[in-house]
Amino acid sequence: MTSRKHRTILSLALAVLMSLTMVAGPVSFADTNDEDSEPESYARLYTEIDQSRTAITQQSSAPRNTIQATCGSGGPCLFYLNNSWQSGNATLQFNYGSASDKPLAGDWNGDGKDTIGIRRDNEYFLRNNNSGGGHDHWVKYGKASDQSYIGDWDGNGTDTIGIRRGNEYHLRNINSNGPAHKVIRYGKTNDKTFVGDWNGDGRTTIAVRRENTFYLKNSLSWGSADIKFNYGRRGDEVHVGDWNGDGKDTFAVRRGNEWFIRNDFKSGNAQTTIRYGKASDTPIVGDWDGNGTTTPGVHRPGSTSPSLPSQTPVMVYGTLRTGQPAHNVVQGRFTLNVLGRAPSLELWVTDHPYPSYPVWPWALPGSTGMTGEMLFLPNATYNAEVARLDNWEGYTPGGNPNTMNYIREKRATNQNKSAWVYVATPWRQTYAKNYGTKVVSGDITRF
């Protein structure tokens, strides 16, 4: 999101089509006034970054393209974004990422427009346009179990990633790998957290919720909450946005497909009540057109995954994968990258003769499964690219298996599509089992 509209990251599964209807007139908003003690100066700003606290995984920022299948008139989409709250079809419909990814929204490049991103475990794939295609930023940050938040923590006009562990927040000011720039403690471990620009100064700060009471802080610094008020019911789904374009973020709660929006920090009835989408949708909000107001969108995988190209992709599973030491060999040479799993293979590793490579990976026949990245190559250069990978792996079609390390075989995957995989030759299979280690997860990034 832009500096005045920052949202928490939303996830869960969804349904299939979008419906928009407006409800006129104010609706009485059930408001309870359960009191709780205010956070007692829990916030502590670390001026010296404790690198041991950040637990940041730093790796090569080699890019990885993501799925860009067609949708709309041709089939269901993953993202539907609207530039207004009015009824009608979504303004933008497209696919990006996979159905299981967690959707994000933020102004990653500071152009004043929010665009989408996705999260897979502790990897973030951020795009500067609301369309299918490759990602523009790849960040590996924190742990898969961390809670994630998006905001402009330093007020420079670009949104970046923050993570939460307990009541501790690790905030980074650049969309790249590295340690946190600020580490902050605020509130209690069981508080619900939201982030936004509460006072319109261009910086994202933190708010916590207990029951239906919100405690807002206008700075990333020591001290008690600057704003406290009650709104909604305990258990309401809460969203943050600049709903009226005044430069300040405020809250909305969602019940089913009904949104109750307030443009200030006061208890009382909703100032605007709107029905949008379906109750089963996972909403994602942002300023998609850069006009200063936050509008809705949904991430809706449904039961149908986007269709993949008809070609047979090449599955890479070891040093060619994103963030691995040889990824530069394939970087920029594919049009799509889809995470997949080959159930008829298993992954083994042995020591590598070159110190720049931590291990030597081998795909062996087995039943535990192996994870890899399915690379879809440009149609015009498909044969040449496959031949280039054959050469990299030392494979000669029709050659003697006793003189090669790998054979390229077509293997079934969980994406309902077969992929080329470089499988260890029989003598290398024996070598791997005698001198190597089986990767139980089948995933080199989890070894």
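The values are calculated or read from the model by the stated rules, or taken from the named source; none is laboratory data. Everything quoted here is computed from the prediction, not taken from an experiment. Positions of Cβ are backbone-derived with ideal geometry, glycine not excepted, and every protein chain shown enters the neighbour counts.
Things to note:
- Every pair of residues 6+ apart whose Cβ atoms lie under 8 Å, when the first sits in the stretch 428-443 and is over 18 Å from VAL316 (Cα atoms) and outside any helix (DSSP H, G or I) while the second is among the polar types (S, T, N, Q) and modelled with pLDDT of 95 or more: GLY436/THR350; THR437/THR350
- Restricting attention to the stretch 89-128, the residues that are acidic (Asp, Glu), farther than 24 Å from GLY157 by Cβ and in a loop (DSSP other than H, G, I, E, B) total 2.
- Qualifying residue in the stretch 56-79 (condition: closer than 26 Å to GLU258 by Cα, touching a His at 6+ places or on another chain (Cβ under 8 Å) and either buried (at least 19 other Cβ atoms within 10 Å of the Cβ) or modelled with pLDDT of 90 or more (or both)): yes
- Candidate set from the stretch 240-265 (those that are touching a Phe, Trp or Tyr at 6+ places or on another chain (Cβ under 7 Å) and over 14 Å from ASN199 (Cα atoms)); member that is surrounded by the most Cβ atoms within 10 Å (Cβ to Cβ): ALA252
- Where strands (runs of 3 or more DSSP E) sit wholly within the stretch 182-224, none has at least 3 residues that are over 26 Å from the mean Cα position of the chain (by Cα), among the acidic types (Asp, Glu) and closer than 17 Å to VAL240 by Cβ.
- Leading residue by the ranking (surrounded by the fewest Cβ atoms within 10 Å (Cβ to Cβ)) among those in the stretch 317-335 that are under 12 Å from GLU385 (Cβ atoms) and not hydroxyl-bearing (Ser, Thr, Tyr): GLY332
- From the options GLY394, GLY332, residue that is on the phi > 0 side of the Ramachandran plot and either at pLDDT 95 or above or hydroxyl-bearing (Ser, Thr, Tyr) (or both): GLY394
- Note on the stretch 94-105: residues that are over 11 Å from the mean Cα position of the chain (by Cα) and either within 17 Å of ASN122 (Cα to Cα) or surrounded by fewer than 22 Cβ atoms within 10 Å (Cβ to Cβ) (or both) total 1.
- For the stretch 341-379, filtering for residues that are acidic (Asp, Glu) and more than 19 Å from GLY394 (Cβ to Cβ) leaves 2.
- Here SER131, SER176, SER145 are screened, and the one residue that is without any contact (Cβ under 8 Å) to a residue 24 or more places away in the chain and surrounded by fewer than 23 Cβ atoms within 10 Å (Cβ to Cβ) is SER145.
- Qualifying residue in the stretch 150-172 (condition: out of contact with any helix residue (DSSP H, G or I) (no Cβ under 6 Å at 6 or more places or on another chain), outside any strand (DSSP E or B), of a type in the set (Phe, Trp, Tyr) and at pLDDT 95 or above): yes
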